Amino acid sequence: MKKRSIDRTMPRALRICAFVWAALAAGVSAPAWGQNFKPYALNGENPKRAGGTWTMTLTEGLCQDVKYGDGRGESDCGNGNLRSQLQGPDIAPGREVEYAFDVFVPKSFEYRESLKYRTRGSVEIAGWQHIRAIKNHLFEMNLKGGGVTFEDHLCFDRKRFGAWNSVRVLVKWSLREDGFLRVLCNGKQVYALAGQTLIPPACGTSAKTNCHVDKLAHRNPIRWVIGPWYRGFGSDWKDYGRASPFLPFPRNGISIKVRNLYQGKLRNS
């Protein structure tokens with residue numbers, strides 16, 4: 001498999017700065033603090049934008065080989081990871097935030113998990129995690145052959161593939177009883193959590209291997225990443241006699257579209 005990183009120049013960031021400066025100069029309010037999204041630094045392939053729609057496509061073997069920089073010496077190419085994602089602004093714990101988007105999964109998408117122990121599947125399409133820390137993944141949405149799930153709760157099934165689906169996540173990031181988390185898919189609540197929200201219920205279990213309770217950095221900002229992340233076998237793939245850290249690539253590929261991205265203050269329900 002061909003493994004390479006890509007040029008990550010970001011002319012869009014310059015356009016955003018110019019827009020904000022022009023708005024301020026004209027006496028117009030700048031966009032809400034959650035409206036700016038940018039390509040995730042570990043992308044093997046950046047999302048492509050046309051109008052108000054982002055298309056995120058993974059290509060077999062196309063990954064980012066830059067080291068994570070956390071002392072482990074690992075990279076996405078070394079771990080078999082493929083990504084095409086956007087990230088929103090980092091949020092300090094204690095804030096109330098709404099995350100929202102529409103997502104389109106092609107009717108042709110087919111996937112069968114090849115690792116029996118990875119019960120939630122290996123294709124993640126949205127995730128929330130503490131930055132500057134390992135094993136700090138808080139919540140996630142997964143794409144499977146049968147549909148899209150949030151923490152194992154069905155968001156929409158494959159009958160909705162080929163159509164746009166709306167997702168809203170309303171949360172207060174807190175370690176106290178004032179926290180809350182509500183997830184609505186196509187207007188229907190599919191997941192709810194009352195009380196502290198910074199220690200996910202499944203953290204430390206086999207269902208959530210990227211979350212370790214003893215490693216959670218509760219004071220670190222939280223980042224929302226949206227777009228497909230096809231997780232590989234891991235850095236120890238040779239120890240298990242595997243030919244590659246990459247999992248079998250789906251025959252029809254992995255590609256989704258998103259639009260109406262929002263990260264900001266809670267809006268009226």
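Going by a ≥ b ≥ c, the root eigenvalues of the Cα gyration tensor, does the chain fall in the rounded group (a/c under 1.5), the prolate group (a/b larger than b/c) or the oblate group? The shape class here is rounded.
Taking the range 129-155 and a reference point 7 angstrom along Cα→Cβ of residue 215, the backbone N atoms nearer than 15 Å belong to 129-139. For the chain, a Gaussian network of Cα nodes joined below 10 Å ranks 157, 70, 90 by mean-square fluctuation, and the top entry is 70. Taking a Cβ cut-off of under 9 Å around residue 55, the surrounding Lys, Arg, Asp and Glu residues balance to a net charge of +3, with basic ones at +1 and acidic ones at -1. For the range 122-209, GluC sites (Glu not before Pro) meeting the loop criterion (DSSP other than H, G, I, E, B) and having at most 13 other Cβ atoms within 10 Å: 177.
Measuring between alpha carbons in the structure, every pair from 159/188; 38/172; 135/238; 172/215 lies within 25 angstrom. Using a simple spin-label model with pseudo-atoms 7 Å out from Cα toward Cβ, residue 68 and residue 108 lie 3.4 nm apart. Summing Lys and Arg as +1 and Asp and Glu as -1 over all other residues whose Cβ lies under 9 Å from the Cβ of residue 222 gives a net charge of +1.
Multiply the residue separation of residue 49 and residue 243 by 0.36 nm, subtract the distance between their alpha-carbon atoms, and state the gained length in nm to one decimal. Write out the running numbers ahead of the final one.
Values: separation 194, 0.36 × 194 = 69.84 nm, distance 3.52 nm.
Net length gain for the segment: 66.3 nm.
Structure remark: mean-square fluctuation, Gaussian network model of the chain, C-alpha springs under 10 Å; the largest value among 115, 181, 170 belongs to 115.
Dipole of the range 75-140 computed with +1 at Lys/Arg Cβ and -1 at Asp/Glu Cβ about the Cα centre; of 111, 91, 127, farthest Cα towards the positive end is 111. When nucleic acids and ligands are ignored and a 1.4 Å probe is applied, residue 230 ends up with an accessible area of around 10 Å².
Projecting label points 7 angstrom from Cα along Cα→Cβ for residue 95 and residue 176 puts them 1.8 nm apart. With helices as the sole contributors, the chain gives -2000 deg cm²/dmol at 222 nm; each DSSP H run of n ≥ 4 counts as -39500 (n - 2.57), and the sum is divided by every residue. Across 134, 125, the residue with the most accessible area heads the list, and the full order at a 1.4 Å probe is 134, 125. Rolling a 1.4 Å probe across the protein heavy atoms gives the chain an accessible surface of 49 Å² per residue.
Each residue, residue 41 and residue 251, gets one label point 7 Å from its Cα in the Cβ direction; the gap between the two is 3.9 nm. For a quick check, take a GNM of the chain with Cα springs below 10 Å and name the residue from 119, 197, 53 with the largest mean-square fluctuation. With Cα springs under 10 Å in the chain, the top fluctuation among 119, 197, 53 is at 119. When the Cα atoms of the range 112-221 are aligned to their principal axes, the ranges along those axes come out at 40, 32, 20 Å in descending order.
The values are calculated or read from the model by the stated rules, or taken from the named source; none is laboratory data. Fair warning: this is a prediction, and the values are worked out from it, not measured in the lab. Quick reminder, even Gly has a Cβ in these numbers, built from the backbone with ideal geometry, and neighbours come from all protein chains shown. Keep in mind that these areas ignore ligands, DNA and RNA; they rest on the heavy atoms of the full protein, side chains included. Shrake-Rupley method; radii C 1.70, N 1.55, O 1.52, S 1.80 Å.
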